[in-house]
Amino acid sequence: MDHFELWCAKVLGHVRFVPDRAAIKKELTAHYEDSVSDFLRIGYDKDLAASRALTALGDAEEVGRGLDRAHSFWLGWLWRVTRWSVFLAMAAVTVSLWQFGMPEIAEWIDPPPIVEVREEYAQIPSPADFSAGAYHFHFDETLYDWNEEGEGGQVLVNLSAFTPCIWLDGPELFDLLEARDDRGRIYRSDRFPYTEGYTKDYPLRSRCAVSIFLDEYVPQWLEVRHKTAGWSFRVEIGGGI
Amino acid sequence: MKLNRKQKIIRNILAVTALLLLTWAVQGFPALTTKQAVEWRVREYGIEEETEILYTSDWDETNRRDVIFRVGEMLGVTNVRKNAWIRTAGDIRLREAQSLTILYQTGRVDPTAILLWCSVDGAVEAECVVNIHGMLNHEVYDETYEIRAAAEGRVFRFPIVPKGTGSPNDHDELAMLWDFQNAADGQSDRDSRHTVTVAVKDVSGNVLETYQEILKRE
């Protein structure tokens, strides 16, 4: 082993971040060979040029300690770990996309309503928007579908529920809504006349629908209450249209 | 622009964070722990009080577990499903907390157990008698299960094992157990009248307290 190789081995022995040693050796070798070439160009013989170039590289101990500081052990490994993590995260995205498919971003922003509005539905005034718990409720439309045979009809409320907590599904409504009319009659979720609530979940804006099925009596108003959340809103029907 | 190693580390950490968020989004923002799944579900029910997890059963063969929790003065029960690292909580049933509170499972077609929350000091074992009674195929169906359980902290878990497994009447029994499960929500068949009686005992076998409730559609 020549003198440069011994010098190099001594320097690299100080560098604790082993993966960098090859690159450091390459750089030191290039530096050494440049220096040798310079000495040869000004007339030194081969051995003297090599010896002077080696001396110019400096003390192996000192250079080794300096390079160890520059190629920090912890920073080096942290960099490597984060690089592997990027590849693992990319693999996780790929597997998730393969498993769950591409999310419908357009539907996240403007989800389709649960109940399509038909021409025969009459618009009635919507209650004021309100906030409750993790959600802000916006009334998209409130409709009344009069049954022409005179046996009541259906009040339909389309709502949007917004939440900044994107990890939450929409508000749970199923079996949790109860309505009361101006005569104090209760419209439960499990028997006629009844109240139904549905939610279609999206991360930013969930769509909700509340249907209240009436019997022959058409009330002036209906108050819909959520049994566990405690919020309520009132729909003014005006005794039919 | 050539980045130094520190800058590369920061870039990589940001990239990993973004990619993991994307993975989470693609999977539908799932909860990663049972506690998280229950807390989120409670918020979806519009309940803002803090959720205290009181009991979690072991995972069963269908990767489900029962969870009992407290929100305010109420006790709740739900069912959490496991799919790889994803945890999903099902429907929630809430009941006012009493010294003996019977909690019926959710998220199952047939009940596998009845849960009892007991705040009676010194209760170490309990008995539960379940009488399933109703009409099935125009005939009276009546079956009684007597189940014993040891305390798991403040909880007693009474497993319901169908008696007629393998017999021609399997379906009848399962149908009535399904009706019993619905009865907990007040949605059983009109002719059904199921009775649940529990008695908790101390270490000497003395009965400390008993409680009975009838599940019947109003």
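The values are calculated or read from the model by the stated rules, or taken from the named source; none is laboratory data. In this text, all values refer to a predicted model and were calculated from it rather than measured experimentally. Positions of Cβ are generated from backbone atoms using ideal geometry, with glycine treated the same way; all protein chains shown enter the neighbour counts.
General remarks:
- Filter result for the condition that a residue is over 30 Å from A:VAL157 (Cα atoms), buried (at least 18 other Cβ atoms within 10 Å of the Cβ) and among the small types (Gly, Ala, Ser), over A:ALA56, A:ALA60: A:ALA60
- Selection within segment A:171-181 - surrounded by 15 or more Cβ atoms within 10 Å (Cβ to Cβ) and in a loop (DSSP other than H, G, I, E, B): A:PRO171, A:GLU172, A:LEU173, A:ASP175, A:LEU176
- Being of a type in the set (Ser, Thr, Tyr), loosely packed, with under 14 Cβ neighbours inside 10 Å and in the same structural domain as A:THR199 (by TED's automatic domain parsing) is a property that A:SER131 has.
- The one condition in (1) at pLDDT 95 or above; (2) away from chain B (no Cβ under 14 Å); (3) touching a strand residue (DSSP E or B) at 6+ places or on another chain (Cβ under 6 Å) that A:PRO113 fails to fulfil: (1)
- Scanning segment A:193-241 for residues that are within 14 Å of another protein chain (Cβ to nearest Cβ), farther than 21 Å from A:TRP167 by Cα and assigned to a loop (DSSP other than H, G, I, E, B) gives A:LYS227, A:GLY230, A:TRP231.
- Scanning segment A:54-90 for residues that are small (Gly, Ala, Ser), touching a residue at least 40 places away in the same chain (Cβ under 8 Å) and farther than 30 Å from B:VAL16 by Cβ yields A:ALA60, A:GLY64.
- Residues that are within 30 Å of A:ASP201 (Cα to Cα) and more than 7 Å from chain A (Cβ to nearest Cβ), drawn from segment B:1-25: B:LEU14, B:THR17, B:ALA18, B:LEU21, B:TRP24
- Filter result for A:ARG205 (touching a helix residue (DSSP H, G or I) at 6+ places or on another chain (Cβ under 9 Å) and either in contact (Cβ under 8 Å) with a residue 60 or more places away in the chain or not assigned by TED's automatic domain parsing to the domain that holds A:TYR144 (or both)): yes
- For segment B:26-64, the tally of residues that are under 23 Å from A:LEU177 (Cα atoms) and facing chain A (nearest Cβ under 7 Å) stands at 7.
- Residues within segment B:27-58 that are aromatic (Phe, Trp, Tyr), at pLDDT 95 or above and assigned to a loop (DSSP other than H, G, I, E, B), tallied: 1
- Criterion applied to B:GLU139, B:GLU125, B:GLU173 was being at pLDDT 95 or above and either surrounded by 12 or more Cβ atoms within 10 Å (Cβ to Cβ) or of a type in the set (D, E, K, R) (or both), and the one residue passing it is B:GLU125.
- In segment A:157-168, of all residues being surrounded by fewer than 22 Cβ atoms within 10 Å (Cβ to Cβ) and under 27 Å from A:PRO125 (Cα atoms), the one that is farthest from the other protein chains (Cβ to nearest Cβ) corresponds to A:ASN158.
- Residues that are facing chain B (nearest Cβ under 9 Å), assigned to a loop (DSSP other than H, G, I, E, B) and surrounded by fewer than 13 Cβ atoms within 10 Å (Cβ to Cβ), drawn from segment A:85-110: A:GLY101, A:MET102
- Segment B:75-89 - residue that is in contact (Cβ under 8 Å) with a residue 12 or more places away in the chain and more than 30 Å from B:THR210 (Cα to Cα) and, of those, surrounded by the most Cβ atoms within 10 Å (Cβ to Cβ): B:ALA89
- Pairing residues of segment A:169-190 that are more than 9 Å from every other protein chain (Cβ to nearest Cβ) with residues that are in a loop (DSSP other than H, G, I, E, B) and of a type in the set (Ser, Thr, Tyr), at Cβ distances under 9 Å and at least 6 apart in sequence or on separate chains, gives A:LEU177/A:SER189; A:GLU178/A:SER189; A:ASP181/A:TYR217; A:ARG183/A:TYR217; A:ARG185/A:TYR217.
- Every residue from segment B:72-86 that is touching an Asp or Glu at 6+ places or on another chain (Cβ under 7 Å) and on the phi > 0 side of the Ramachandran plot: B:GLY72
- Checking each residue of segment B:136-157 against the condition of being part of a loop (DSSP other than H, G, I, E, B) and within 23 Å of the chain's Cα centre (by Cα) gives at least one match.
- Here A:GLY152 meets the list (1) buried (at least 17 other Cβ atoms within 10 Å of the Cβ); (2) modelled with pLDDT under 85; (3) within 14 Å of chain B (Cβ to nearest Cβ) almost entirely, failing just condition (3).
- For A:GLU120, the stated conditions hold: it is charged (D, E, K, R) and part of a loop (DSSP other than H, G, I, E, B).
- Restricting B:THR106, B:THR101 to those that are within 14 Å of another protein chain (Cβ to nearest Cβ) and surrounded by 18 or more Cβ atoms within 10 Å (Cβ to Cβ) reduces the list to B:THR106.
- Test: A:SER126 is within 14 Å of chain B (Cβ to nearest Cβ) and either in a helix (DSSP H, G or I) or touching a Ser or Thr at 6+ places or on another chain (Cβ under 7 Å) (or both): no
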